[in-house]
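To keep things clear, I will list the structure first and then write my remarks on it.
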Amino acid sequence: MAVFYALFCLLCSAGNDFVFKLFARKPRTRGIFCLLIGLVWGILTVACFNIDWSTWKAVAIWGSVIGFFSISANLLLIESMGFQSAGVCSTIYRLNLVPVVFGAWFLLGEKVSWVQWLGIALAIGAVLCFLTLPDASDSKDRKLARLGILMVVIAAFLRAGMGLSYKFAYKAGADEFGITAVIAVYWIIGGLLYALFRERKQVKMDKSLLFYGSLSGIFVAGITIFMALALKEGNASVALPIAQMSFPVTFLLSILCLKETVTRWKVIGVILSIAAVLLLCMAK
């Protein structure tokens, strides 16, 4: 069952990244989009899980830290998809395991094995492959594409900060689903603030915004729920590598549905990324 749940988590992650790209193709308000995601996600979390509020102090503190990292990382991910391929952005974002390994080594004293070093080297090689753009691209397109990569790299580091913060939260005894509920609140508040201070002229409610926001909220809730079930039923060494492999699916969807260009370097980058994630997840 653990593999079954992890596969559903993978599909939810791939679907959510694809929805991000569909939404980012047009100049819509990213802030209200995130607000809607947080609202749907929060309601489903509270409805599906019994939250232990006896650890409310740890939940409030670490939920706030993780919530800040989460909303910041995802806003950058969405913005980056306005300039860059969905497959490329999704792949680089999933390479957040690299700064996680460094952070665990620096902050938690965990050892980095030679297998993990190899995974880190492959991840760096993958990003370099994505920086290789076709010669036919004009100067403006090239700059925007590289800006998209820079934004998603920063998003990956923020996502790594979120992952490391979870370790501190669990050490403090914080309830996992209580943290998830607080994160959803940060998406609501963070999305509203982003819309008010960054997107005043773009804030416009329409059917597409409601549709994409609600659909993404369901996918995000699915990621949370199925990952929790996978970790409950089986080992993290089995569940995590499967769940992290959503980016090849997003890459294929972007090619088949959005007709995004495929280059030799993109394909090599995805292959290197798959190998990197497997090495980083499975290293003992």
Open item on the list: Give me the residue from the range 115-137 that is at pLDDT below 85 and more than 28 Å from Leu11 (Cβ to Cβ) and, out of that set, most open to solvent (accessible area, probe 1.4 Å).
Closed with: Asp135
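Tally up the residues in the range 56-94 that are β-branched (Val, Ile, Thr) and under 20 Å from Ala169 (Cα atoms), please. Let's see the steps before the verdict.
Going residue by residue through the range 56-94, those that are β-branched (Val, Ile, Thr) are 59, 61, 65-66, 71, 78, 88, 91-92.
Going one step further and asking which of them are under 20 Å from Ala169 (Cα atoms), we end up with 59, 61, 65-66, 71.
Residues flagged as β-branched (Val, Ile, Thr) and under 20 Å from Ala169 (Cα atoms) within the range 56-94 amount to 5.
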- [ ] Go through (1) within 22 Å of Ile225 (Cβ to Cβ); (2) at pLDDT 90 or above; (3) not β-branched (Val, Ile, Thr) one by one and return the number of the condition Asp52 breaks.
- [x] (2)
Open item on the list: Which count do you get for residues in the range 36-51 that are touching a Phe, Trp or Tyr at 6+ places or on another chain (Cβ under 7 Å), open to solvent by 30 Å² or more (accessible area, probe 1.4 Å) and not aromatic (Phe, Trp, Tyr)?
Closed with: 1
Task: Search result, residues across the range 219-239 that are modelled with pLDDT of 85 or more and not aromatic (Phe, Trp, Tyr) - done: Val220, Ala221, Gly222, Ile223
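Taking Thr45 as the residue in question, decide whether it is over 23 Å from Glu233 (Cα atoms) and at pLDDT below 90. Quick ask: steps written out before the conclusion?
Details: over 23 Å from Glu233 (Cα atoms): no; at pLDDT below 90: yes.
Considered against the rule, which asks whether it is over 23 Å from Glu233 (Cα atoms) and at pLDDT below 90, Thr45 comes out as no.
Inside the range 1-80, counting only helices (runs of 4 or more DSSP H) that do not spill past its ends, which hold 1 or more residues that are under 21 Å from Ile189 (Cα atoms) and out of contact with any helix residue (DSSP H, G or I) (no Cβ under 8 Å at 6 or more places or on another chain)?
Filter on the range 1-80 gives 30-48, 56-80.
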Open item on the list: Looking at (1) in contact (Cβ under 8 Å) with a residue 60 or more places away in the chain; (2) of a type outside the set (A, V, I, L, M, F, W, C); (3) open to solvent by 10 Å² or more (accessible area, probe 1.4 Å), which one does Lys57 not meet, given that it meets all the others?
Closed with: (1)
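For the range 11-29, which residues satisfy the criterion of being open to solvent by less than 20 Å² (accessible area, probe 1.4 Å), farther than 19 Å from Ala181 by Cβ and not polar (S, T, N, Q)? Talk me through it step by step, then tell me what you get.
Narrowing the range 11-29 to residues open to solvent by less than 20 Å² (accessible area, probe 1.4 Å): 12-17, 19-20, 23-24, 29.
Narrowing the set further to residues that are farther than 19 Å from Ala181 by Cβ leaves 13-15, 17, 19-20, 23-24, 29.
Correct list: Ala14, Gly15, Asp17, Val19, Phe20, Phe23, Ala24.
The values are calculated or read from the model by the stated rules, or taken from the named source; none is laboratory data. Small disclaimer: the values here were computed from a predicted structure and weren't measured. Neighbour counts are summed over all protein chains in view; Cβ atoms, including those assigned to glycine, are modelled from backbone coordinates with ideal geometry. Please note that ligands, DNA and RNA were not included when accessible areas were found on the heavy atoms of the full protein model with its side chains. Shrake-Rupley method; radii C 1.70, N 1.55, O 1.52, S 1.80 Å.
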